[in-house]
Every structure is written in structure tokens, then in C-alpha cells.
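Reading through the C-alpha cells given below for one structure.
The values are calculated or read from the model by the stated rules, or taken from the named source; none is laboratory data. None of the values given here were measured: they were computed from a predicted structure. A quick note on method: Cβ atoms are made from the backbone with ideal geometry, for glycine too, and the neighbour counts reach across all protein chains shown.
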Amino acid sequence: MSSGRNFSNSTNPPRNPAMADYEARIITFGTWTYSVNKEQLARAGFCALGEGEKVKCFRCGGGLTDWKPSEDPWEQHAKWYPGCKYLLEEKGQECINNIHLTHSLEESMGRTAEKTRLTKIIDDNIYENPMVHEAV
């Protein structure tokens, strides 16, 4: 998910009180055919908007789209909308913090791996240079 895929957020009273019940949210998914499980989405506070993969949290109003098959709705909710009261009530601050720490670590490791790969490519290219070969 990218930052461009989230929209609107609030931590005040429920943005959509009619969707406070799981059963009301699950109905909105009707014929949902996308990669992320609709029950998991509804449990994480989301209801379908009827526009592709767009979902919105009943509590904070935070929206997400462009789901990847491996993504967890709770994790994405915490990643993009850590101030959501429903998320906080259901998962707790420690869980939200852990998700943010995990994502920060994954991003850092990804950058390190890319730097290592680029360094190897540069090293390989340098050693292929005949002038470097002669000097070594």
C-alpha cells in the first residue's frame, strides 16, 4: 500500500454509526471478489464502498484500496490510521506500536538489501575494468 491509497481520517465519534455492528459491515461486501477476505475486513472495522476494492472504517472514516493478497486488514488499518479509536479498542496501543516498528524495520532492511545489491553490482563492474585488473 502506498500513502496515495488512504483517504480521510478522524478520531472523533464514529463517522458512520450505522456500520458499528459487524453484521451491518459484512452485508456491504455482498459479492466481494477481491484478494482480501471480506470477513477480516469487516472485523477490522471496514465496510465496502461498492467502488472496486475501496473500503472505509466506520469509526475513523479512514479508507484503503489496492489490496494485495498477503495484506492483513488490521495491519493496514494500524499502518495508515493508528489513531482510530476502534482499532485502539480492539487491538490496543502495544499492537499498533509493534506494527509500526515492524514496518519501519522491514523498510530499513529493504533499503539495506538494495544498497548491498547495488554495491555488489558496482564492485563487479569495477573489477571487470582492465585498468583495475592491472592495478590489482
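Please determine whether any residue of region 5-18 is among the polar types (S, T, N, Q), part of a helix (DSSP H, G or I) and either surrounded by fewer than 16 Cβ atoms within 10 Å (Cβ to Cβ) or modelled with pLDDT of 95 or more (or both).
First, the residues of region 5-18 that are among the polar types (S, T, N, Q): 6, 8-12, 16.
If we keep only those that are part of a helix (DSSP H, G or I) as well, we get none.
No, that holds for no residue.
When restricted to residues that are surrounded by 13 or more Cβ atoms within 10 Å (Cβ to Cβ) and not in a helix (DSSP H, G or I), region 84-106 contains 1. On the stretch given as region 43-52, residues that are farther than 18 Å from G92 by Cα and at pLDDT 95 or above total 3.
Are any residues in region 19-38 part of a helix (DSSP H, G or I) and surrounded by 10 or more Cβ atoms within 10 Å (Cβ to Cβ), and if so, which ones? Give the derivation first.
Start the filter on region 19-38 by keeping residues that are part of a helix (DSSP H, G or I), which leaves 19, 22-27, 38.
The answer is M19, Y22, A24, R25, I26, I27, K38.
For region 41-82, the tally of residues that are of a type outside the set (K, R), under 15 Å from the mean Cα position of the chain (by Cα) and in a loop (DSSP other than H, G, I, E, B) stands at 13.
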